Amino acid sequence: AHLDRIADVDGDIHAFLQVDAEGALAAAKAVDDARAAGEQLGALAGVPIAVKDILATKGLETTAGSKILEGWIPPYDATVVSKLRAAGMPILGKTNMDEFAMGSSTEHSAYGPTRNPWDPERIPGGSGGGSAAAVAAFEAPLAIGTDTGGSIRQPASVTGTVGTKPTYGGVSRYGIIALASSLDQAGPCTRSVLDAALLHEVIGGHDVMDSTSIDAPVPPVVEAARRGDVSGMKIGVIKGISGEGFQPGVKQLFDESVQLLVDRGASVVEVECPSFEKGLAAYYLIMPSEASSNLARYDAMRYGLRVGPEGVDSPSAEQVMAATREAGFGDEVKRRVILGTYALSAGYYDAYYGQAQKVRTLIARDFAAAYEKVDVLVTPTAPTTAFKLGEKLDDPMAMYLNDVATIPANLAGVPGMSIPNGLAAEDGLPSGFQILAPATKDERLYEVAAALE
Ligand code: GLN
């Protein structure tokens, strides 16, 4: 049924870069056979899933939305993908994304943009717009995204879906194409809170292949999602990232949901996180710095594309590398590689990267101080509903500003979740409610989310 739905609507939406009908049907049949043989199967066995094209899938092309990886067929599966397969979840295909997960609109994909199922003239968010759109358009019941600075949560917000960024280290990064290694985290994109919890449970847990993976069991997210009991919980509303610059309709829906939590027995306090307003600036130094270093591996020798410089008879390795990177990377990737290389250069390291790391520490301290007073923090996920395709494409700063509420969680490594929060009065488009919890307390996200669902 999902393959039929993809065939019907994906020509317009373009959520998928690859559809693996054969592989998905074979996996579904294997689950049917196991069930017929009386095997005990998990809750999601046989439930199909779409996977963001940044996760390595054995035998299935993986491009991270970039021309430089076109045609690259990974020889192995990311740990998350192995876990999906082990849980009997057929993989429908790979979803579209901003090139190397840089962007908030999916317009930076080298393979053309994805459209928002609510309005094809609008963006589905980014970088994981393909995963969110696939779920919102009923092309897939579940999807995997990755979130370095909001790429699961902001697309969830603008497509009216659920998205979780687990605690850093809660889900293995092995086999996920690295963008900014200290920020990247994979997580669920779904239509309901319980679906997200069930998927979180499947993909989470310790992995010896990822040295930053937390050696502890997956937090009790499913129980929390079934319970949804906020009575006695303390909810912190972050001053500063709920007001100015936020669309009035988005803000109004946010206030209404906070009131709903009070009605359900929670108490609400306003908390100050004074360093959060510097988060955006720090992120857009740290993230390009790590990315410029990670992307150095695309050297024309190891993967995908190789372009010889024109008019040169026997080019040097350096010339081939330069020509390949010139042809293979898009503008946003080049912008960030240049920015990151500059910020890391000997003369500027302390002024830029060093300063940004200090801000990162201050943000972590703001979170720690806030969590002494409250159980969770809440904000609107994104300042606005989905903007129009092309609207912010020529203005990188305007695009970056969309991430103001999502990136503090990545900088501090704490878990965050976006749930649908109704349609904004001005434009009738979805908005999101963001919940943030202390590191390793991911279950609190689901407790609060389920209370609002
Ligand atoms: N908008 C963020 C950026 O462009 C999203 C990054 C991400 O989470 N992958 O960096």
Worksheet item: With the Cα gyration tensor of the stretch 336-453 giving a ≥ b ≥ c as the square roots of its eigenvalues, does the rule (a/c under 1.5 for rounded; else a/b larger than b/c for prolate; else oblate) give rounded, prolate or oblate?
Response: oblate
Response to the item:
Full extension between Gln319 and Gln40 adds, at 0.36 nm per residue less the Cα distance, a length in nm of 94.8 nm
Worksheet item: Taking neighbour counts of Cβ atoms within 10 Å as a proxy for exposure, in what order, fewest first, do Met397, Met209, Met97 appear?
Response: Met397, Met209, Met97
Worksheet, complete the sentence: Taking every other residue with Cβ under 12 Å from the Cβ of Lys29 and scoring Lys and Arg +1, Asp and Glu -1, one gets -2
Discussion item. Starting from the 7 Å offset along Cα-to-Cβ, what nm value, one decimal, do you get for the label separation of Leu401 and Lys29?
Written reply: 5.4
Worksheet entry | Longest exposed-site-free window of the chain, the sites being chymotrypsin sites (Phe, Trp or Tyr not before Pro) in a DSSP loop that have at most 16 other C-beta atoms within 10 Å | 139-347
Response to the item:
Between Ser293 and Ala216, the two model label points (7 Å from Cα along the beta-carbon direction) sit apart by a distance in nm of 2.6
Worksheet item: Which of the peptides 255-263, 78-86, 423-431 is most tightly packed, and how do the rest follow, judged by the mean count of other Cβ atoms within 10 Å per residue?
Response: 78-86, 423-431, 255-263
Worksheet entry | Sum of -39500 (n - 2.57) over DSSP H runs of 4+, divided by residues of the chain (222 nm, nearest 500) | -11500 deg cm²/dmol
Worksheet item: Pairs Lys165/Lys441; Lys373/Lys441; Lys52/Lys251; Lys251/Lys358; Lys94/Lys278: which exceed 23 Å Cα-Cα?
Response: Lys52/Lys251; Lys251/Lys358; Lys94/Lys278
Practice prompt. Express the relative contact order of the chain as a whole percentage, based on alpha carbon pairs under 8 Å and six or more residues apart in sequence.
Written response: 19
Fill in: Cα centroid of the stretch 373-435 to Cα centroid of the stretch 32-72, whole Å
28
Practice prompt. With a 10 Å radius around each residue's Cβ, average the other Cβ atoms per peptide and rank 52-63, 24-35, highest first.
Written response: 52-63, 24-35
Discussion item. Tell me the net charge near Gln252. Cut-off is 14 Å between Cβ atoms, Gln252 excluded, with +1 for each Lys or Arg and -1 for each Asp or Glu.
Written reply: -3
Practice prompt. Rounded to the nearest 0.05, what FRET efficiency do Ala7 and Glu391 give with R0 = 35 Å and r taken as the Cβ-Cβ distance? Could you check?
Written response: 0.70
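The numbers here are math on the coordinates, done by the rules we state, and not lab data. Fair warning: this is a prediction, and the values are worked out from it, not measured in the lab. Here the Cβ is made from the backbone with ideal geometry for all residues, glycine too, and neighbour counts use every protein chain on show.
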